[in-house]
1. Take the residues of the range A:1-32 that are at pLDDT 85 or above and more than 14 Å from every other protein chain (Cβ to nearest Cβ): which is nearest to A:SER73 (Cα to Cα)?
2. Suppose the filter is under 17 Å from the mean Cα position of the chain (by Cα) and closer than 23 Å to B:PHE204 by Cβ; does B:ILE255 pass it?
3. Can you tell me which residues in the range B:348-360 are farther than 18 Å from A:ALA103 by Cα and either without any contact (Cβ under 8 Å) to a residue 40 or more places away in the chain or in a helix (DSSP H, G or I) (or both)?
4. Go through the range B:273-329 and report how many residues are within 14 Å of chain A (Cβ to nearest Cβ) and in a loop (DSSP other than H, G, I, E, B).
5. Restricting to the range A:69-83, name every residue that is over 12 Å from A:ALA39 (Cα atoms) and among the hydrophobic types (A, V, I, L, M, F, W, C).
6. Of the numbered conditions (1) free of Cβ contacts under 8 Å to residues at least 12 places away in the same chain; (2) at the interface with another protein chain (Cβ under 10 Å from one of its Cβ atoms); (3) assigned to a loop (DSSP other than H, G, I, E, B), A:ALA59 fails exactly one; give the number of that condition.
7. For residues that are among the hydrophobic types (A, V, I, L, M, F, W, C), assigned to a helix (DSSP H, G or I) and touching a helix residue (DSSP H, G or I) at 6+ places or on another chain (Cβ under 8 Å), scanning just the range A:38-56, find the one that is farthest from the other protein chains (Cβ to nearest Cβ).
8. Would you call A:THR146 more than 13 Å from every other protein chain (Cβ to nearest Cβ), surrounded by fewer than 13 Cβ atoms within 10 Å (Cβ to Cβ) and of a type in the set (Ser, Thr, Tyr)?
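The values are calculated or read from the model by the stated rules, or taken from the named source; none is laboratory data. The structure displayed is predicted, hence computed values, not measured ones. A quick note on method: Cβ atoms are made from the backbone with ideal geometry, for glycine too, and the neighbour counts reach across all protein chains shown.
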Amino acid sequence: MSREDITELVARQLPEAKPGPCKQLLEFIVDAGHIRMLADYLKQNPLTKMDYLFCLTAADRKDGLNVLYFMTSSVYHHSVLIRVILADKAHPVVPTVSDLWKAAEFYEREVFDLFGIHFENHPDLRRIFLSDDWVGFPLRKDYKDTFTLER
Amino acid sequence: MKEILVDIDLKEKEEYIINIGPQHPSTHGVLRLETCLQGEEVKYIIPHCGYIHRGIEKMSEKLTYPQLLHLTDRMDYLSAHINNEAVALCVENAMEVQVSERVKYIRTILAELSRVASHQLWWAAFGMDLGALTTFFYGLRDREKILDIFEESTGSRLIQSFITPGGLMSDIHPNFQKRVKDFIKYFRTKLPEYDDLLTGNVIFRERTQGIGILSKEDAIDYGVTGPSGRGSGFHCDIRKIAPYSAYPLVEFNEITFAEGDTYHRYLVRMKEMWESLNIIEQLIDNIPQGEIMLNLKAIKAPKGDYYQRVETARGELGVYIVSDGGPSPARIKYRSPNFSNLFVLNKISAGHKIADLVAISGSLDLVIPDIDR
């Protein structure tokens with residue numbers, strides 16, 4: 001499907017979805033409450049069939065913590081990026097998509113480890129790289145530690 | 001005295017837990033596999049990673065693009081050229097500049113040479129995992145020839161940092177073409193030896209056929225890419241899906257098998273070495289003249305989000321750059337192939353014997369620094 005067709009499908013399914021700034025990939029910005037609905041729709045719809053989540057990550061931006069879902073179809077090879085902006089940096093919560101794509105289970109653990117974003121209903125949410133008693137979330141911009149040199 | 005706690009539940013089921021690693025030859029790096037066994041049978045595996053987590057993504061936020069390139073070599077060190085290329089392509093796309101045809105050709109040749117070198121080392125170590133020590137000598141003997149070619153042109157053997165945003169660090173050595181052609185000729189006579197030694201070996205086939213079957217659906221669901229995914233019939237070759245550099249100009253086959261067992265993951269890599277030699281042969285005589293490095297005043301990505309996918313020797317590497325317009329990224333994420341390939345291990349080795357676990361994890365070809373970053 002072309003970018004226009006997918007945009008139209010998403011607009012019909014979820015009118016609240018806004019177009020995003022990314023130029024390379026077709027991007028939508030949705031609320032945390034809608035991500036599961038849109039992800040499930042794009043995965044199950046035989047026209048889009050987004051069965052392969054190739055990346056899930058986050059970024060600490062001025063407007064809040066952005067959670068990014070990169071998905072593509074193993075059949076049609078068209079890709080979509082969905083962005084969820086969590087304005088509350090103190091308590092960022094987003095529902096898990098690990099039941100839709102198994103790959104998400106481990107990406108979400110990584111994002112939890114490095115950004116402290118809590119994924120609701122995740123089966124096994126614990127730190128993946130850092131030790132369990134690590135304080136803070138290193139990839140946040142306000143993270144301070146004792147051994148990084150400030151430039 | 002502290003009371004010793006015994007897990008009653010585990011005792012009743014006659015299950016016990018052993019730790020394989022973090023220092024164990026068959027994990028090929030610092031990885032710990034918490035393995036639950038019942039007798040000799042594997043019940044489940046919990047991988048524990050992070051022993052070699054260096055915070056490359058955090059470090060990169062304070063480095064400029066040409067500087068952070070050097071850290072990418074240290075992720076999947078057997079695909080160093082390809083990792084460099086991923087960052088270079090992502091930054092070039094962001095800056096909307098095109099490198100010369102000469103650079104594209106050289107990049108592709110170097111990438112395919114590293115793919116062959118990586119598969120050679122994997123083949124050498126895979127045989128050794130299964131107890132065939134001879135393969136290690138054969139594999140490393142031939143890999144040495146590629147490393148010599150790298151050394152002559154790029155100045156180093158393992159981690160080169162040769163492909164940079166804007167082009168290449170320097171031009172190739174005048175001997176490069178001749179030595180690569182000699183290598184292709186030489187290695188084509190050696191690859192059948194590899195098959196004689198291992199592929200046709202009865203013990204090897206008994207150890208690998210029908211072991212660790214990964215279905216196509218699971219491969220997609222877990223995001224298993226590269227030769228491991230293609231062994232299950234998942235068409236995931238980025239060189240075919242989204243061709244970059246000189247790949248649109250060459251003809252090659254994407255090797256896939258439907259079976260998805262350890263033996264077919266092995267076969268994919270063996271056949272990929274032939275394909276890589278074909279790709280190099282199509283390019284090596286036609287390297288056009290052109291400039292090696294673009295004259296860029298400052299390497300700065302304009303404000304925005306950029307994503308680049310490339311195919312390393314182990315699967316899909318993604319580079320995601322968030323830029324505020326400065327000389328260094330606001331956030332850089334590496335979607336490393338080994339990270340996703342690791343976590344399928346529990347799924348495909350549960351129910352097999354512990355000796356098969358070594359064969360299965362060997363066939364996934366994990367490089368641990370790429371998982372931990």
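1. Per the stated criteria, the residue is A:VAL30.
2. yes
3. B:ILE354, B:ALA355, B:ASP356, B:LEU357, B:VAL358, B:ALA359, B:ILE360
4. The total comes to 9.
5. Of everything in the range A:69-83, just one residue is over 12 Å from A:ALA39 (Cα atoms) and among the hydrophobic types (A, V, I, L, M, F, W, C), namely A:VAL75.
6. (3)
7. A:LEU38
8. Against the criterion (more than 13 Å from every other protein chain (Cβ to nearest Cβ), surrounded by fewer than 13 Cβ atoms within 10 Å (Cβ to Cβ) and of a type in the set (Ser, Thr, Tyr)), A:THR146 qualifies.
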